[in-house]
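Nothing in this text is a laboratory measurement; each read-out follows from the coordinates by a stated rule. These numbers were taken from a predicted model, which means no experiment stands behind them. Note that each Cβ is placed from the backbone with ideal geometry, even for glycine, and that neighbours are counted across all protein chains shown.
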Amino acid sequence: MSVAIEPAIPQARHRPSGLVQLTELAVFRVGELGGVSTAPNVIGTGFAGLNRELAGGGWPRGELTEILCDGVGMGELALLLPAMLNLQAANLAALANTGRSAGGGGCVWIGAPHLPYAPALRDAGMDLTKVFIIDSTRAEDSLWAAEQSLASGAMDSVSVWINGAIADTSLRRLKHAAMSGGATCWLMRPTLFARHASPAPLRMMLKGEASGELTINLIKRRGLPPNKTIILQSRSLPCLGRKRLQEQQQRITQNIAQGITTQTSTPPSTPLRDWLGRTFGQAALQATPVRSRSMSPDR
Amino acid sequence: MLWIALHFPQLSIDCVMRGHGESLLSNLPLAIHTGASQRPTLHALNTAAREAGLKPGMALAAARAICGTLTAIPRSVAKEEECLQRLAIQLAQYTPSVSVDAVSQSIVLEVASSMKLFGGIAALLGEVRRTVRSQGYQGLVGIAPTPLAAQLLARATQYHPATRMCRDATQLTERLADVPLALFGWSYDTLNTLATLGLTRIKDLTPMPRRGLQQRFGDSVLNDLDRARGLLGDPRLYISLPERFSSNREFVFEVHESERLMPVADGLFQEMEGFLRARGAATQTVVVTLKHARNAHTHITLGTREPARHAGHWLRLLREKFARAELAAPVIEMALRVEQLRPYLAETHSLLRNAVSTRQDSAANLVDRLAARLGEKAVYQIEVESDHRPEFAWRKQTGAGLTQWPPVRQRQSRLNGGQARSSTKMPTINRPTWILREPRALVGMNDIPQYHGALTLLAGPERIETGWWDGKPVARDYFVAQNPQHEVCWIYRDYRFGRKWYLHGLFA
């Protein structure tokens, strides 16, 4: 390998300065490893632990990233949400500075396994007007939509869920579309395909833990040796803390057995509850064991 | 004043040929016949027919004897006039002053006022020529300070094939000197008499005493001469643009493949774009109708999020529609209709040249393309609704208004600032990021719900009981649960109706 690289070095010295600047952006150097988030074509993952392990310190922009994950609901979406928020924030900043933004902060979700739930995304801080959802059951439709969205350059990120096998040429087309449009592409596939070759420069395998943590195995990445395993707390679910887990489990199982339903710490506000709060004050509301049950005519 | 005149010597053949694109009819001899039905004669011929040795004026029977594969179509003057009218409407994008002269089969455009907008007469002429050619017409061009002179120069190019242009009114008489008098629409008697007197060109007639000319030939000869030279006013009746747009292309043969329809559709969309440009409008809905010989018509409705008029964009949408479905039957006619016009919102370009402006507008175009192929319902956005029932706490948003950048809602919330955001902030209840389209009933073993294995309850219950007023009541205890695969689920027990367990969401 070193033989192939060395003749190129003396040539680089004679290049005009403009060309050197150009290549600075396009060429990846092994020296620029994780932790340094200076690379312009990277978006922060929102997890310091993960940023450290990725080239340039984040998800590569204008590239295809493969996320291999079996099952739904182990924190795989929570892994991507901070990056989408970062993209939206970057878009807002660009909007404030120049009055315009590159990708509009838009993100497209194609062929998602279930419906994205608007209240949860809103609570996470997402701007829902920038989220476009595309229902697609056929893999070829999903790939076509992804390719169109990536190549148009109108979107900042594209997330695609595909369960079946994908032809190598299709993957290359996705990668090419991502590169030409400058958008980030996350491809979600079952772990079965981990052993298949892929043109994606970053591939990771996800595994859920009982503690709610997410084990990430970086099976392919730029610049650093592969097969690095890191553990992240991607979701902030209070019920999933390790210490609280045991006692809570016991308590609930007990209660269920006894047929008692306990109140959650913050019951949803109802017209009745709002009215009570306004009339008697919040203190009275907390003191009385209010059941969050609205007025029912049959009672 | 500066006029561009377009003369169409091949109008009757172009009207038939243009619907078929280049490849379909070009090597097939085709003739338009006219005259009495007992003895029809050839009126116009395409190149293939002329190469076969046919000549205009030949009897149809004789022509068939020479060329057995000849396709002969009777001439329709009404259709030719309609074609001219449609072309004039399309040309109205370059100037509002467009006039059709059906008798001499020409169109005149007054361009002095719009020349600067299009970057000079050469650029404008290029645009006009491109439009005419893209519609399948062969037009001859003449440019002069008076409309009649422009028409004469255009027709004179038939004899001397070069663009005749005269922009200076003082040179007009000199330029017109060699134009044959036969190009004026005078009566045969007048022209014959002039010819016997040895007067065949304009330069022969101008030194003649006016009084004598008037006595011999009446006012029309003198008036036409004066109009051509700009000595007498020549008001023209300009076309008025219709409120709606509709156009069609008939095929001489049945078309079987949708790919063959694309060049035709391109022509139709360009015609539509010209009309919309002339009206300063755009549209959100275009109906393409395919007529079949026996089957019922196929209607294809194309829609966009934002008013659009660019022919290429509409063509791409139609291509996506065709990519999804085969033609139901061979097509004999293709029609295009625009019912509602919307004001065109011009895109504002940044003073600083960056790649951004082209990316911005493609967001709406992208959604159009996706929706055209995958269906209107397959592309949507989600919104939060204020309802306690989880399945009603959100809403799908499809169709128009999907990509208003930035959307109205967002603009309002930005005006309100952070205040609006904090007031709408829900209490910190964790909601799952995925919700199932329909709650899935879970099998319970010994009262322990199962989803990919036995579920362990982690948190809950959160009781939601509401909705009695609109007939969709819920009475549920929600729990957060985890299965052996470590998937975190949002499940509920319907505590009033049957005490069954359901899976409703997943904390991904």
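What is region B:37-80 by shape, rounded, prolate or oblate, if you read a ≥ b ≥ c off the alpha carbon gyration tensor as root eigenvalues and call it rounded for a/c under 1.5, prolate for a/b larger than b/c, and oblate otherwise? Don't jump to the answer; show the numbers that get you there.
On the way: a/c = 2.02, a/b = 1.35, b/c = 1.50.
Since a/c reaches 1.5 but b/c is at least a/b, the shape of region B:37-80 is classed as oblate.
With label points built 7 Å along Cα→Cβ from the Cα atoms of residue B:246 and residue B:195, find their separation and express it in nm.
4.5
What does the helix-only formula give at 222 nm for chain B: each DSSP H stretch with n ≥ 4 adding -39500 (n - 2.57), the total divided by the residues, and the result rounded to the nearest 500 deg cm²/dmol? It would help to have the intermediate numbers written out before the result.
On the way: 17 runs with 172 residues, N = 508.
About -10000 deg cm²/dmol.
Counting other beta carbons within 10 Å of each residue's own, what order do B:256, B:292, B:7, B:33 fall into, fewest first?
Least to most surrounded, the residues fall as B:256, B:292, B:33, B:7.
With no solvent and one point on each alpha carbon, what is the Debye value of log10 I(q)/I(0) for region A:30-236 at q = 0.11 Å⁻¹?
One equal scatterer on each Cα of region A:30-236 leads to -0.47.
Quick one: Karplus J couplings for region A:115-123, per residue in order, coefficients 6.51, -1.76, 1.60, θ = phi - 60°, nearest Hz, x for Gly and Pro?
The phi angles translate into 7, x, 8, 4, x, 5, 5, 4, 4 Hz.
What is the order of B:75, B:155, fewest Cβ neighbours within 10 Å to most? Don't jump to the answer; show the numbers that get you there.
Values: B:75 19, B:155 23.
Ascending Cβ contact count within 10 Å gives the list B:75, B:155.
Show the residues, 5+ positions off or on another chain, whose built amide H is closer than 5 Å to the amide H of residue B:463.
Amide H neighbours of residue B:463: A:264, B:478.
Expressed as an acute angle from 0 to 90° and rounded to the nearest 10, what is the orientation of the C-alpha long axis of helix B:120-134 relative to the principal long axis of chain B?
80
Between 0 and 90 degrees, rounded to the nearest ten: what's the tilt of helix B:258-279 against the longest Cα principal axis of chain B?
With rounding to tens, the tilt is 80 degrees.
Taking every DSSP beta bridge that has both residues in region A:30-236, what percent is antiparallel when rounded to the nearest 5? Provide the component values of the computation, followed by the final result.
Working: 13 of 35 bridges.
So the antiparallel bridges amount to about 35 percent of the total.
Treating the Cα atoms of chain B as identical point scatterers in vacuum, please give the log10 of the normalised Debye intensity I(q)/I(0) at q = 0.07, 0.09, 0.11, 0.12 Å⁻¹, two decimals.
The computed values of log10 I(q)/I(0) come out as -0.61, -0.82, -1.06, -1.18.
Of the cross-linked pairs A:130/B:472; B:377/B:500; B:321/B:396; B:291/B:396; B:79/B:291, which ones have a Cα-Cα span greater than 27 Å in the structure shown?
On the way: A:130/B:472 31 Å; B:377/B:500 32 Å; B:321/B:396 24 Å; B:291/B:396 36 Å; B:79/B:291 19 Å.
Going by Cα-Cα distance, A:130/B:472; B:377/B:500; B:291/B:396 fall outside the 27 Å limit.
I'd like the orientation of helix B:356-374 relative to chain B: the angle between its Cα long axis and the longest Cα principal axis, in ° from 0 to 90, rounded to 10.
80
So how do B:114, B:240 line up by other beta-carbon neighbours within 10 Å, fewest first? List each step's numbers first, then the result.
Details: B:114 15, B:240 9.
The fewest-first ordering by Cβ neighbours comes to B:240, B:114.
Grab the beta carbon distance between residue A:231 and residue A:124, set R0 = 22 Å, and tell me the FRET efficiency rounded to 0.05.
Values: r = 21 Å, r/R0 = 0.97.
It comes to 0.55.
Please list, in order along region A:224-230, the HN-Hα scalar couplings obtained from phi with the Karplus expression 6.51 cos²θ - 1.76 cosθ + 1.60 (θ = phi - 60°), rounded to whole Hz, x for Gly and Pro.
Once rounded to whole Hz, the list reads 10, x, x, 6, 8, 10, 10.
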